[in-house]
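First up is the structure itself, then whatever we jot down about it.
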Amino acid sequence: MNKIVLDTNILIYSIDRNSIYYEFSNKLINSYDCFITSKNITEFVNVLSKNKNIEYSFIEKKFLSLYNNFTVLYTNKNSLEIFKDFVIKYKPVGNKIFDIEIASIMLSSGIDTIGTVNKSDFENMTEIKIINA
């Protein structure tokens, strides 16, 4: 089974039955050997916590599900070196910095493919492959 890192949007859409990306996200999760990064987890909790209609107990439950059911990749010295190179090469601004960080963590872990519904977040990065909706 091919290894991929899941973008945060895939994690969000995989729990939102009303999303047009719900089926795609769950199919992706069930079709690959999926990994997430520590950055995905913080983004996931951040997005859910902004929604006033979501009980915090739900956020805790979903956070624990991610933490317990996926292999989490963490930043390390090698990923920071890649991040440094990407900052210099791609000059990211705003939220693009988080995408660059996710890419640097996945590449330092030997994974070069990301699953996302926002292809534009990663398409200028020649070092990675994208699976998108």
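Bear in mind that the values in this text are calculations on the coordinates, not laboratory data. Remember, it's a predicted structure, so these values are computed and weren't measured experimentally. Using ideal geometry, Cβ is built from the backbone for each residue, glycine included, and neighbour counts are taken over all protein chains shown.
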Worksheet item: Helix 38-49 versus the longest principal axis of the chain: what is the Cα-based angle in degrees, 0 to 90, to the nearest 10?
Response: 40 degrees
Worksheet item: What does the helix-only formula give at 222 nm for the chain: each DSSP H stretch with n ≥ 4 adding -39500 (n - 2.57), the total divided by the residues, and the result rounded to the nearest 500 deg cm²/dmol?
Response: -16000 deg cm²/dmol
Discussion item. Over all directions, the average projected area of the alpha-carbon convex hull for segment 40-90 comes to how many nm²?
Written reply: 4.7 nm²
Practice prompt. Give the angle, between 0 and 90 degrees and rounded to the nearest 10, that separates the Cα long axis of helix 96-108 from the longest principal axis of the Cα atoms of the chain.
Written response: 70 degrees
Discussion item. Test of understanding: what is the full-extension gain from GLU81 to LYS52, defined as 0.36 nm times their sequence separation minus their Cα-Cα distance?
Written reply: 6.7 nm
Worksheet item: If contacts are Cα pairs under 8 angstrom and at least 6 residues apart, what is the relative contact order of segment 3-132 in percent?
Response: 30 percent
Worksheet, complete the sentence: Residues meeting the amide H criterion for VAL5 (H placed from the backbone, H to H distance under 5 Å, 5 or more places apart or on another chain) are PHE35, THR113, ILE114, GLY115
Worksheet item: Among (i) 1.02; (ii) 1.16; (iii) 0.97, which one is Cα Rg over 2.2 N^0.38 Å computed from these coordinates?
Response: (i)
Practice prompt. Using only Cα atoms, tell me the angle between helix 22-31 and the longest principal axis of the chain; keep it within 0 to 90° and round to the nearest 10.
Written response: 60 degrees
Worksheet item: How big is the gap, in Å, between the Cα center of segment 94-133 and the Cα center of segment 74-93?
Response: 12 Å
Fill in: Exposure proxy ranking, count of Cβ atoms within 10 Å, fewest first, for THR75, THR116, THR42
THR42, THR75, THR116
Worksheet item: How would you rank LYS52, LYS119, going from fewest to most other Cβ atoms within 10 Å of each one's own Cβ?
Response: LYS52, LYS119
